[in-house]
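Notes follow the structure.
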């Protein structure tokens, strides 16, 4: 029987000297726990001088929906001040960092370029570099394994945002600790970085293979299957196609009132994409797009994780819906006038925005970009 993976936070005793006589801050949420369900907050309170908590999107308790900005508050359970890193201040200020010697992070990523937690980490690393503070990452598994890399080049000159800050593919195939190493060296942050690694983790592991408990990282990522389909369907959140928010299976289904479920499923299945079957699905969101409206769409059933390509699935679905339903499909307006739209930020490259290429050419470029990043990431692999 395979042994359970030992998390970075569980290896803290091997790094006691790093924390001695230092004031510690922690970026976390409910996913910051040990394999025995002890909060990382409590671990650091016992083993270090924990003086501050820092909140990513959705809050320290993951109780807040996507996009809602947070303010500084006092954590009721501990009495420790919680500083928001999602809102007008995404980067910790000098005044806040004056209260700590080390800023650390223990949080579950979902393996996607779109996921904002990794940019909360990047901004925190930048602040630590600017104000001469140490930064510690307690490493955790990538829930969709670290073997596969797939995605397109992100044009950061035009489309840098909090859902894509660095030029890397959507499925990066790195743990959060490896991402920190990449950000620090490849992208020039240059902070005093320490990564406390896991023990027993291997790159091929899906999350179930780690034998670790799965804790919902954000309200719309309830399961490990959601993580797998997220890179395929998240792109629709910037369009008038519903991505399943407001249902019990966000990102596992997409649709709209102007779609016929049976027709769309038949059309998408005709592409014979490996590892996925599209099942007709009618649904009525309770919030978000098309609240209380009946939508026709498809449910994505992953039949083989090893063969399933989230990005080929994403690009194929997007291409088909944009061309077949052109009279209905729309990209949502930008949140800020004069700035790119969410769809443009997430796609991240002009050729996907203006549809200048055939689907076959899009997929060819996708493969090329994925292979380029596989070479870029090699120096930063821990496992």
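Scanning the stretch 193-219 for residues that are in a strand (DSSP E or B) and surrounded by fewer than 18 Cβ atoms within 10 Å (Cβ to Cβ) yields 194, 199. Scanning the stretch 346-368 for residues that are outside any loop (DSSP other than H, G, I, E, B) and at pLDDT 95 or above returns 346, 347, 359, 360, 361, 362, 363, 364, 365, 366, 367, 368.
Between 190, 145, the distinction of being under 19 Å from residue 371 (Cα atoms) and either in contact (Cβ under 8 Å) with a residue 60 or more places away in the chain or in contact with a strand residue (DSSP E or B) (Cβ under 6 Å, 6 or more places away or on another chain) (or both) belongs to 145 only. Against the list (1) in contact (Cβ under 8 Å) with a residue 12 or more places away in the chain; (2) surrounded by fewer than 24 Cβ atoms within 10 Å (Cβ to Cβ), the condition residue 157 fails is (1).
Determine, yes or no, whether residue 73 is more than 17 Å from residue 136 (Cβ to Cβ), crowded, with 20+ Cβ neighbours inside 10 Å and assigned by TED's automatic domain parsing to the domain that holds residue 165.
no
Quick one: which of 41, 27 is over 28 Å from residue 342 (Cβ atoms), in contact with a strand residue (DSSP E or B) (Cβ under 9 Å, 6 or more places away or on another chain) and in the same structural domain as residue 138 (by TED's automatic domain parsing)? After applying the criteria, what remains is 41.
Among the residues of the stretch 91-104, is any modelled with pLDDT under 95, out of contact with any strand residue (DSSP E or B) (no Cβ under 8 Å at 6 or more places or on another chain) and under 28 Å from residue 216 (Cβ atoms)? Yes, the stretch 91-104 contains a residue that is modelled with pLDDT under 95, out of contact with any strand residue (DSSP E or B) (no Cβ under 8 Å at 6 or more places or on another chain) and under 28 Å from residue 216 (Cβ atoms). Among the residues of the stretch 338-352, those that are within 17 Å of residue 316 (Cβ to Cβ) and out of contact with any strand residue (DSSP E or B) (no Cβ under 6 Å at 6 or more places or on another chain) comprise 346, 347, 349, 351, 352. Restricting the stretch 148-176 to residues that are assigned to a helix (DSSP H, G or I) and touching a helix residue (DSSP H, G or I) at 6+ places or on another chain (Cβ under 9 Å) leaves a set whose member that is farthest from residue 10 (Cα to Cα) is 158. Considered as a group, the residues in the stretch 235-255 that are touching a strand residue (DSSP E or B) at 6+ places or on another chain (Cβ under 7 Å) and in a helix (DSSP H, G or I) include one that is surrounded by the most Cβ atoms within 10 Å (Cβ to Cβ), and that residue is 236. Does the stretch 118-125 include one or more residues that are outside any helix (DSSP H, G or I) and surrounded by fewer than 23 Cβ atoms within 10 Å (Cβ to Cβ)? No, the stretch 118-125 contains no residue that is outside any helix (DSSP H, G or I) and surrounded by fewer than 23 Cβ atoms within 10 Å (Cβ to Cβ).
Residues are listed down the side, and each one gets a yes or a no for (1) under 24 Å from residue 171 (Cα atoms); (2) modelled with pLDDT of 95 or more; (3) surrounded by fewer than 17 Cβ atoms within 10 Å (Cβ to Cβ):
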site	(1), (2), (3)
257	no, yes, yes
277	yes, yes, yes
287	no, yes, yes
293	no, yes, yes
298	yes, yes, no
315	yes, yes, no
320	yes, yes, yes
337	no, no, yes
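The values are calculated or read from the model by the stated rules, or taken from the named source; none is laboratory data. Predicted, not measured: the structure shown is a model, and the values here were computed from it. No Cβ is skipped: glycine too gets one built from the backbone with ideal geometry, and neighbour counts run over all protein chains shown.
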